[in-house]
1. Could you tell me whether region 6-19 includes any residue that is among the basic types (Lys, Arg) and farther than 23 Å from Ala129 by Cβ?
2. If you take just the helices (runs of 4 or more DSSP H) that sit entirely in region 186-297, which of them hold at least 3 residues that are of a type outside the set (Ser, Thr, Tyr) and outside the structural domain of Leu8 (by TED's automatic domain parsing)?
3. Kindly indicate whether Val200 is touching a Ser or Thr at 6+ places or on another chain (Cβ under 7 Å) and farther than 28 Å from Leu8 by Cβ.
4. With Gly23, Gly9 as the choices, which residue is part of a loop (DSSP other than H, G, I, E, B), farther than 30 Å from Phe284 by Cβ and either small (Gly, Ala, Ser) or under 16 Å from the mean Cα position of the chain (by Cα) (or both)?
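The values are calculated or read from the model by the stated rules, or taken from the named source; none is laboratory data. In this text, all values refer to a predicted model and were calculated from it rather than measured experimentally. All Cβ positions, glycine included, derive from the backbone under ideal geometry; neighbour counts span all protein chains shown.
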Amino acid sequence: MKTGFIGLGNMGAPMARNLLKAGHALNVFDLNAQAVQSLVDAGAKAAASPKLAATDVECVITMLPAAAHVREVLAGKDGVLAGIAKGVTIIDSSTIDPQSAKAFAALAAEHGNPFVDAPVSGGTGGAAAGTLTFMVGGSAAAFEAVRPVLSAMGKNLVHCGDTGTGQVAKICNNLLLGITMAGVAEAMSLGAALGIDTGVLAGIINTSTGRCWSSDTYNPFPGVIETAPASRGYTGGFGTDLMLKDLGLATDAARSAHQPVYLGALAQQLYQTMSSRGEGRLDFSSIIKLYRTGEDA
């Protein structure tokens, strides 16, 4: 399938690479010229604008930081809707609020294009390995239409329901993820302060009732898991500012639904503290730095 791919960040770039590996032809666009060149070197074709990335393709995928970026890429002067043919499906894998996803679907429908929200879970490791979970909101027909392209990037494809429900699933998942990471950071820091070997503690947690992804795959304590961002200075992962954004989406959605999120609100303040300290670009597991003041976290 010939695909336009817009947004080649820490998640988008490896996702695009997996499409190339699966034999899909790609037009790619990103404001980062180096990211574009890296994909061109892997076999993609560079596009000078989202409009050109969406021209003469069978599918368009966007993977962007926030709803404002998605709106500009879709509806801007040189946006996707200015170049896409009618009937071509737009897949937005960004993490945004459900209401914006519904609005973008309506905008696409006015131009004759199906739209699905398909945010992902699995982190940069899952993006590179092609084992992401896609949470898809849209019609059953649209879900079946995008299955072939999504299966090249993910292992678990879940149809969540109508447009916007993919985003509902994602913000609920990341609400829990932000909370559990703070909890693991707290527990690991306490263990270290009390003198237990952190590798031993992590091993016990990971075979006991405290086990979770934040502990067994992405442990925030340096040196516990070699492949985790904590073991490379909290670089190359899911940024603290991005987690802060997602927690903001969750708390905003909770407010609109009159639903309390006590721990989510607290987690939001913890990540806000990290961002305010100028550490928003570090992986979100760097939240452990708040618990290890004065140490080389």
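1. Of the residues in region 6-19, the ones among the basic types (Lys, Arg) are 17.
From what's left, farther than 23 Å from Ala129 by Cβ: none.
No - not one qualifying residue is present in region 6-19.
2. By residue number, 198-205, 240-256, 262-276.
3. Numbers: touching a Ser or Thr at 6+ places or on another chain (Cβ under 7 Å): no; farther than 28 Å from Leu8 by Cβ: yes.
Criteria not met by Val200.
4. Within the list Gly23, Gly9, the selection yields Gly23.
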